[in-house]
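Colleague: What follows is a structure written as structure tokens; I'll ask about it next.
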Amino acid sequence: MKNLKGINLAIVILSGILILTFGFGYMQINNDKIAKNTYVKDIDVGNLSKEDAKKKILSEYKIDTITFKYNDKAWNINPNDIDTNYDIDKTIDNAYKVNRNKNIFSNIVDTLKSTFGIKNYINVVVDCDEDKVTSELEKISEEVNVSMKDAKLNVSDNNIEISQDKAGLQVDISATIANLKKSLQEGLFEESLVVTKVEPKIRKEDLKDINTLLGSFQTVLSDVSPGRIENIQIATERTSGVLLMPGEEFSYNKHTGLRTVKNGYKNATVIVSGEAVQGVGGGVCQVSTTLYNAVLYAGLDIVKVSNHSIPSSYVDKGRDAVVSDSGLDFVFKNDYDQPVYIKNYYNNGVITCQVYGSNKEKQNIKINTSIDKVTKAPTKEEKDPTLEKGNEKILEYGRDSYSVSTYRIYYDENGKEVKKEKIASSFYPSKQKVVAIGTKKEEKPSKKEENNSSTTDNSNNNSNKNEDNSEENNKSNNDKDNNNNNTQKEEDIPVEKE
């Protein structure tokens, strides 16, 4: 019985202690003081009000001139120019919330820990305008950055020379800003630039086995408008100088980027729903088509290719490669054991695409196309009351449809065919021809007009006859001209194509 009373007494005492302890902690939370043993870096702000803690911090924390360093160079920046300073209010608020940002029981526990000597360390909050810091670092980068240089093939008189690659340097702006913030929290105002080495994507060693031209093709521009030429120059440059390792694929769209004004492309003729219209990026399909044919002759694997809706003027049917931002792409793969190198350029109205590789991969290849089916264009007739009966006028020229197969044929050193593969099936849809049919009836002169005409003197008759003969001759000549114009073939009408 005595033991039970002793246990009860102990429970009462322990409960009392717990109640007093938690009560003490609760009172600490609800006063206006920061928890004891709370430090901002090495400054003790514990048991101070927010206002007193702010005064104490302000006397210690003030950003001086910020200095960025790299090797023996240094750049000084006024913190006001980049809107960078310490946010003392937020720092003090974080210190105040040390024992106030959880549930009531956790806050009491944190308060008791602080009271009995466990220290809390708070980082000073750095407030900076990262856009302005970035702008300053971009200016500094111009003095530090060194452009990386890929190894390149230089071809002159069938001689292949490989230029030396060179690593570059680049300031890592994001990493530099992150380090700056940490340094400022430590009260340090000097920061070293984070400069990374930029390794070449193509090394001279990678090109050592490239020693011959595997395939080449050229197309000539019929449309030399400034916008089209500029688009072609952009496309040839962005798809050139590409090293394709064994097993790698080449995506034309990936290299050219979206055909937008922002990406540098201009307005020129493009094909939309079978019609030639003005649009941004016109001309890039002639580059993809030229490259497609060079790749065919090089013997590389064609992964994805599509034809235009209108036969192209610069290559035979079945040998064009359309591309678009909506998903149509030209993709091929290096299925050889050695790397291949793509070199494209534009010069004086001619696009040239070349594929270089190892002479071990050189093959004797011919490309053939077969027109499998031709369907005549349908004709739509429209009555025209302003055109004399019996006459016709072409309002819209039609276009026949074509089904075409493209084959790649391999030959041995003796010219004997060893392999024939079908590369693509192309379909060019027809376009309806629209013809106006004259329905206007010829008007005859009245009898009164005939009698008046017969009473005129002979001289007038002779004069009128001469005039009538002259008019008839003119009319006859005009009719011949009109007939010639009406019977002009569709092929004679220049149609700009992408």
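The values are calculated or read from the model by the stated rules, or taken from the named source; none is laboratory data. All figures in this text were calculated on a predicted structure; none of them were measured in a lab. Ideal geometry is used to build each Cβ from the backbone, glycine not excepted, and the neighbour counts take in all protein chains shown. These area figures cover heavy atoms from the full protein model, side chains too; ligands, DNA and RNA do not enter into them. Shrake-Rupley method; radii C 1.70, N 1.55, O 1.52, S 1.80 Å.
Colleague: I'd like to check which strands (runs of 3 or more DSSP E) are fully inside the stretch 229-277 and have at least 3 residues that are open to solvent by 20 Å² or more (accessible area, probe 1.4 Å), within 30 Å of G398 (Cβ to Cβ) and touching a Leu at 6+ places or on another chain (Cβ under 9 Å).
Modeller: Details: elements: 242-244, 249-251, 267-272.
Once the strands (runs of 3 or more DSSP E) in the stretch 229-277 are filtered for at least 3 residues that are open to solvent by 20 Å² or more (accessible area, probe 1.4 Å), within 30 Å of G398 (Cβ to Cβ) and touching a Leu at 6+ places or on another chain (Cβ under 9 Å), nothing remains.
Colleague: Across the stretch 178-191, what is the number of residues that are touching a residue at least 60 places away in the same chain (Cβ under 8 Å) and out of contact with any helix residue (DSSP H, G or I) (no Cβ under 8 Å at 6 or more places or on another chain)?
Modeller: Of all residues in the stretch 178-191, those touching a residue at least 60 places away in the same chain (Cβ under 8 Å) come to 180, 184-187, 189-191.
Imposing the further condition that a residue be out of contact with any helix residue (DSSP H, G or I) (no Cβ under 8 Å at 6 or more places or on another chain) reduces the set to 184-187.
Summing the residues that are touching a residue at least 60 places away in the same chain (Cβ under 8 Å) and out of contact with any helix residue (DSSP H, G or I) (no Cβ under 8 Å at 6 or more places or on another chain) in the stretch 178-191 gives 4.
Colleague: So which residues in the stretch 388-401 are open to solvent by 50 Å² or more (accessible area, probe 1.4 Å) and assigned to a loop (DSSP other than H, G, I, E, B), if there are any at all? Even if it seems obvious, please write down each step before you answer.
Modeller: Just the residues of the stretch 388-401 that are open to solvent by 50 Å² or more (accessible area, probe 1.4 Å), to begin with: 388-393, 395-397.
Within the stretch 388-401, K389, G390, N391, Y397 meet the criteria.
Colleague: Then there's this: Scan the stretch 300-325 residue by residue and report those that are among the acidic types (D, E) and open to solvent by 40 Å² or more (accessible area, probe 1.4 Å). Talk me through it step by step, then tell me what you get.
Modeller: Taking the stretch 300-325 first, the residues among the acidic types (D, E) are 301, 316, 320, 325.
Scanning the stretch 300-325 gives D301, D316, D325.
Colleague: Let me ask something additional. Tell me, please, whether a residue that is modelled with pLDDT under 85 and not hydrophobic (A, V, I, L, M, F, W, C) can be found in the stretch 75-84. Step through it out loud before you land on a result.
Modeller: Here is the first cut: in the stretch 75-84, the residues modelled with pLDDT under 85 are none.
There is no residue in the stretch 75-84 that is modelled with pLDDT under 85 and not hydrophobic (A, V, I, L, M, F, W, C).
Colleague: K366 - would you say it is in contact with a strand residue (DSSP E or B) (Cβ under 6 Å, 6 or more places away or on another chain), surrounded by 12 or more Cβ atoms within 10 Å (Cβ to Cβ) and free of Cβ contacts under 8 Å to residues at least 60 places away in the same chain? Before the answer, list the steps.
Modeller: Details: in contact with a strand residue (DSSP E or B) (Cβ under 6 Å, 6 or more places away or on another chain): yes; surrounded by 12 or more Cβ atoms within 10 Å (Cβ to Cβ): yes; free of Cβ contacts under 8 Å to residues at least 60 places away in the same chain: yes.
Considered against the rule, which asks whether it is in contact with a strand residue (DSSP E or B) (Cβ under 6 Å, 6 or more places away or on another chain), surrounded by 12 or more Cβ atoms within 10 Å (Cβ to Cβ) and free of Cβ contacts under 8 Å to residues at least 60 places away in the same chain, K366 comes out as yes.
Colleague: Is it the case that F189 is modelled with pLDDT of 95 or more and at negative phi?
Modeller: Working: modelled with pLDDT of 95 or more: no; at negative phi: yes.
So F189 fails the test.
Colleague: Across the stretch 326-356, what is the number of residues that are surrounded by 23 or more Cβ atoms within 10 Å (Cβ to Cβ) and free of Cβ contacts under 8 Å to residues at least 60 places away in the same chain?
Modeller: Number satisfying all stated conditions: 0.
Colleague: I would also like to ask the following. Pairs please, first residue from the stretch 198-222 and under 17 Å from N154 (Cβ atoms) and open to solvent by 80 Å² or more (accessible area, probe 1.4 Å), second anywhere and of a type outside the set (G, A, S) and in a loop (DSSP other than H, G, I, E, B), Cβ atoms under 6 Å, 6+ apart in sequence or on different chains.
Modeller: Partner pairs satisfying both residue conditions: R203/D165; K204/Q164; K204/D165.
Colleague: When the stretch 123-180 is examined, which residues are found to be within 30 Å of S358 (Cβ to Cβ), out of contact with any Lys or Arg (no Cβ under 8 Å at 6 or more places or on another chain) and surrounded by 14 or more Cβ atoms within 10 Å (Cβ to Cβ)? Write out each step before concluding.
Modeller: At the first step, the residues of the stretch 123-180 found to be within 30 Å of S358 (Cβ to Cβ) are 147-168.
Keeping just the survivors that are out of contact with any Lys or Arg (no Cβ under 8 Å at 6 or more places or on another chain) gives 147, 152, 154, 156-161.
K152, I160 - these are the residues of the stretch 123-180 that are within 30 Å of S358 (Cβ to Cβ), out of contact with any Lys or Arg (no Cβ under 8 Å at 6 or more places or on another chain) and surrounded by 14 or more Cβ atoms within 10 Å (Cβ to Cβ).
Colleague: Taking into account only those residues within the stretch 402-425 that are open to solvent by 30 Å² or more (accessible area, probe 1.4 Å) and within 21 Å of F332 (Cβ to Cβ), which is farthest from the chain's Cα centre (by Cα)?
Modeller: Once the filter is applied, the top-ranked residue is K419.
Colleague: Among the residues of the stretch 181-197, which ones are within 21 Å of Y121 (Cα to Cα), of a type in the set (A, V, I, L, M) and open to solvent by less than 50 Å² (accessible area, probe 1.4 Å)?
Modeller: L184
Colleague: One residue is enough: does the stretch 480-487 have a residue meeting the conditions assigned to a helix (DSSP H, G or I), touching an Asp or Glu at 6+ places or on another chain (Cβ under 7 Å) and modelled with pLDDT under 50?
Modeller: Quick first cut of the stretch 480-487, residues assigned to a helix (DSSP H, G or I) only: 480-486.
Within this subset, residues satisfying the condition of being touching an Asp or Glu at 6+ places or on another chain (Cβ under 7 Å) are 486.
Restricting the remaining residues to those that are modelled with pLDDT under 50 gives 486.
Within the stretch 480-487, one or more residues are assigned to a helix (DSSP H, G or I), touching an Asp or Glu at 6+ places or on another chain (Cβ under 7 Å) and modelled with pLDDT under 50.
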